[in-house]
Amino acid sequence: SLRLAEALSGRARDTVSVLLQVNISGEEPKSGFSEAELHKAAEDVARLPMLEVKGLMTIAPLVSDPEEVRPIFRRLRELRDSLGLEHLSMGMSDDFEVAVGEGATMVRIGRAIFGERG
């Protein structure tokens, strides 16, 4: 939220690189800016001192076939490109290959590397 970004900006001693979370899928329990809010939010956050917007991130829905999330990853890439940002954080252990294929520059693949917790 912009309120959280303002709080972070006010407390930071050095410039903080941030990714803006986008709720592409529109899932209720997930956080993030909607597509409709994103451009204004990116402008507002970019104006804050001590914060540097580096890219976008999303958390895709859990699906049985990773190909089902390709349109979500593709749309996030299009939004990133429209904002002229560098990074895309998308994809986890079950769908990171699709995410990388759609331009991810960061993936979260702990389970794929370390295995299940326990």
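The values are calculated or read from the model by the stated rules, or taken from the named source; none is laboratory data. Predicted model only: the values in this text are computed from it and were never measured. Here the Cβ is made from the backbone with ideal geometry for all residues, glycine too, and neighbour counts use every protein chain on show.
Please state which one of S1, S25 is over 17 Å from A104 (Cβ atoms) and either touching a Phe, Trp or Tyr at 6+ places or on another chain (Cβ under 6 Å) or at pLDDT below 95 (or both).
Within the list S1, S25, the selection yields S1.
So which of K54, K40 ends up being under 24 Å from S9 (Cβ atoms) and touching a strand residue (DSSP E or B) at 6+ places or on another chain (Cβ under 7 Å)?
K54
Among the candidates E43, E6, single out the residue that is charged (D, E, K, R), touching a residue at least 40 places away in the same chain (Cβ under 8 Å) and in a helix (DSSP H, G or I).
That would be E6, the only listed residue that is charged (D, E, K, R), touching a residue at least 40 places away in the same chain (Cβ under 8 Å) and in a helix (DSSP H, G or I).
Which members of the stretch 75-91 meet the condition of being surrounded by 15 or more Cβ atoms within 10 Å (Cβ to Cβ) and modelled with pLDDT of 95 or more?
Result: R75, L76, R77, L79, R80, L83, L85, H87, L88, S89, M90.
Residue-by-condition table, conditions (1) more than 30 Å from E6 (Cβ to Cβ); (2) touching a Cys at 6+ places or on another chain (Cβ under 9 Å); (3) without any contact (Cβ under 8 Å) to a residue 12 or more places away in the chain:
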position	(1), (2), (3)
V22	no, no, no
L48	no, no, no
D65	yes, no, yes
V69	yes, no, no
F73	no, no, no
R80	no, no, no
L85	no, no, no
L88	no, no, no
V100	yes, no, yes
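Since V69 meets every condition but one in (1) under 24 Å from F114 (Cβ atoms); (2) modelled with pLDDT under 95, which condition does it not meet?
For V69, the failing item is (2).
Residues in the stretch 6-37 that are more than 21 Å from A99 (Cα to Cα), in contact with a strand residue (DSSP E or B) (Cβ under 8 Å, 6 or more places away or on another chain) and surrounded by 13 or more Cβ atoms within 10 Å (Cβ to Cβ): how many?
Total meeting the criteria: 4.
Taking the condition in contact (Cβ under 8 Å) with a residue 40 or more places away in the chain and not hydrophobic (A, V, I, L, M, F, W, C), does P61 pass?
no
It is to be established whether one or more residues within the stretch 43-58 are surrounded by 14 or more Cβ atoms within 10 Å (Cβ to Cβ), over 15 Å from E97 (Cα atoms) and in contact with a Phe, Trp or Tyr (Cβ under 6 Å, 6 or more places away or on another chain).
Among the residues of the stretch 43-58, not one is surrounded by 14 or more Cβ atoms within 10 Å (Cβ to Cβ), over 15 Å from E97 (Cα atoms) and in contact with a Phe, Trp or Tyr (Cβ under 6 Å, 6 or more places away or on another chain), which makes the answer no.
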